[in-house]
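Structure first, commentary second.
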Amino acid sequence: FWGFGIVLVAALLFFVLGGERAGAFEAIDNFNGEIKIYKSEYCGCCSVYVDYFKRKVKLNVGVETVEDVVLIKNDLGIPDELSSCHTVKVGDYFVEGHVPLEAVEKLLKEKPEIKGIALPGMPSGSPGMPGAKEEFVIYAVKNDGGYYEFARM
């Protein structure tokens, strides 16, 4: 009886803890380009976001600690008003800030003609940030530098 109980508990833990990752982000998991996170060595929430990203997707995600993340943001054309503490390069797109992976999944499924998406600042409850979750407004940055609302989560 105890052996069966242990196997049952182990199976439940696998499905509850492991099931969240498996197949949850199909477009990200099947992405065949490079994903790299650029972060500052002085920012703790960036490391928590890296852990979140790596824990949720099946792909190998590169991480590069840089002296000045602003240089990366300027190079990618991220507007100052949409900036945050770290930047992810997903193929030809950028993902700026504490963007939930559901928005990255939407980006890769829809493949819009934009530079990338951004969640400005460091909103409470966003991936990598403590506190109560609030509604997140994620912006799409157009190729001409303008931007519009991409998603609310």
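The values are calculated or read from the model by the stated rules, or taken from the named source; none is laboratory data. Remember, predicted model here, so these are calculated numbers, not experimental data. Positions of Cβ are backbone-derived with ideal geometry, glycine not excepted, and every protein chain shown enters the neighbour counts. Just so you know, the surface numbers come from the protein's heavy atoms only, side chains and all, with ligands and any DNA or RNA stripped out. Shrake-Rupley method; radii C 1.70, N 1.55, O 1.52, S 1.80 Å.
Residues considered: 68, 75, 80, 51. Of these, the only one that is within 26 Å of residue 30 (Cα to Cα) and out of contact with any strand residue (DSSP E or B) (no Cβ under 8 Å at 6 or more places or on another chain) is 51.
Residue 129 satisfies every condition listed in (1) out of contact with any Pro (no Cβ under 7 Å at 6 or more places or on another chain); (2) part of a loop (DSSP other than H, G, I, E, B) except (1). Whether a residue is within 23 Å of residue 31 (Cα to Cα) and not charged (D, E, K, R) was assessed, and residue 104 passes this test.
Restricted to the range 4-122, the set of helices (runs of 4 or more DSSP H) holding at least 3 residues that are open to solvent by 30 Å² or more (accessible area, probe 1.4 Å) and modelled with pLDDT under 95 comprises 44-56, 69-76.
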